[in-house]
1. What FRET efficiency comes out for the pair T235/E24, r = Cβ-Cβ distance, R0 = 35 Å, nearest 0.05?
2. From the Cα gyration tensor of segment 157-311, with a ≥ b ≥ c the square roots of its eigenvalues, which class applies: rounded if a/c is under 1.5, or else prolate if a/b is larger than b/c, or else oblate?
3. Pull out the extension gain between E317 and R11, defined as 0.36 nm times the separation in residues minus the alpha carbon to alpha carbon distance; nm, one decimal.
4. Using alpha carbons only, how many degrees (0 to 90, rounded to 10) separate the axis of helix 185-203 from the longest principal axis of the chain?
5. Rounding to the nearest 10 and keeping the result within 0 to 90°, find how far the Cα-based axis of helix 74-87 lies from the longest principal axis of the chain.
6. Spelling out what I want: for every residue of segment 97-104, take phi, set θ = phi - 60°, compute 6.51 cos²θ - 1.76 cosθ + 1.60 (Karplus), and round to whole Hz; glycine and proline get x.
7. Between R339 and E49, what is the FRET efficiency for a Förster distance of 45 Å, r being their Cβ-Cβ separation, to the nearest 0.05?
8. Using helices alone, I'd like the mean residue ellipticity at 222 nm for the chain: each DSSP H run of four-plus residues gives -39500 (n - 2.57), total over residue count, nearest 500.
Amino acid sequence: MIPFDYQPRTRIVFGPDKVDTLGELAGELGARRALVISDPGIVAAGHAERGLAALARAGIEAQLFDGVGENPTTEHVEAGRAAARRYDPEVLIGFGGGSAMDCAKGINFLHTNGGRMQDYWGTGKATREMLPMIAVPTTAGTGSETQSFALISDAETHVKMACGDKKASFRVALLDPTLTVSQPQRVTALTGIDALAHALETYVTRVRNPVSLAFSREAWLLLGENLGRVLADPTNIEARSGMQLGACFAGLAIENSMLGATHALANPLTTHYQIPHGQAIGLMLPHVIRFNGAEYAHWYRDLLEGTGGANGFPPPESGCEGLANFVRSLAKRAGLPARLSECGVAEDRLPELAEDAAKQWTGTFNPRSVGQMEMLALYQSAY
Ligand SMILES: [Fe+2]
């Protein structure tokens, strides 16, 4: 057995319409003033209003900051810091997708510890206590609600900075699947593939341990079964629930075992070609499964054996190839491209991308070593 150190930091409250308890949950943290951090899409869908009404019913004063954009940058975080300075909240509520949740963490770093976002790149850089935070995810994807990392891009260099600190963990993750129903199909697809990748990548990292494996396995079962179902019927609350819990458990798996080569390969595609994260992940994951499977086929097979080939899962005897094809078929149903050449990536730039991918910290957790040569071969296989 591999040693581990796991301290649950986030209370998880789950169920349809649980968003209506947001006020009580904030009150239990001793807060009377809340800053709700969200984006214009979530506000337009009426979700933020529902959260604000719940806060008002519990006598919590609230201010809305809706200045979060897709792939949050240091500029979004700075704008949020200014809002926090003006309003002086006692609790921060990240209400939306991964962007809103990560932005809430970023704002908390700067508001409570000062400096600029770049100062927190890495892990454990905050010295002072931070404000308590509640996450209300409206997508089933990043699992940011159960992770202590904020992914914030430098607005000037476009480099994605992973800023992690255990103090930046949400105190409560409020999971209400009814909030995920109205998201556009494309968002369901992109975030769903990403969550599935989190389950599969975390299951085979170098630092996997009994805790991470438990979360990865359950996330795989929930996401593998339900992604196809939500794509076919977006209003299916049971399937939406499975996706939301699966994404949350996958977030806990990341917190305990990090990620791997798929994310290392995806990041440069987003930085240099603005390919959305979920699309880049969906492109690269089948190739990484085949690559890792050359040495770790037994681990992937364990996952397949856990399903017994039922509920649309590939049969255990199909092994890594079956698993890679299963991921590709889900990505195809989600309308995502199969090849890098379809995404405007120039073939002669693959070596440059591979150089960048080899520098990604997340790649160091991949079970097989992935240097520049391996990264290039993986890009070429996906081209
Ligand atoms: Fe991801």
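Throughout, read-outs are computed from the coordinates displayed, never taken from laboratory work. Small disclaimer: the values here were computed from a predicted structure and weren't measured. We place every Cβ from the backbone using ideal geometry, glycine too, and count neighbours over all the protein chains shown.
1. 0.80
2. Values: a/c = 1.25, a/b = 1.06, b/c = 1.18.
Judged from the Cα gyration tensor, segment 157-311 comes out rounded (a/c under 1.5).
3. Gain on stretching E317 to R11: 106.3 nm.
4. Approximately 70 degrees, to the nearest ten.
5. Orientation of helix 74-87: about 20 degrees from the principal axis.
6. x, x, 4, 5, 5, 5, 5, 4
7. Details: r = 42 Å, r/R0 = 0.93.
Once the sixth-power term is evaluated, E becomes 0.60.
8. On the way: 13 runs with 195 residues, N = 383.
Mean residue ellipticity at 222 nm (helix-derived): -16500 deg cm²/dmol.
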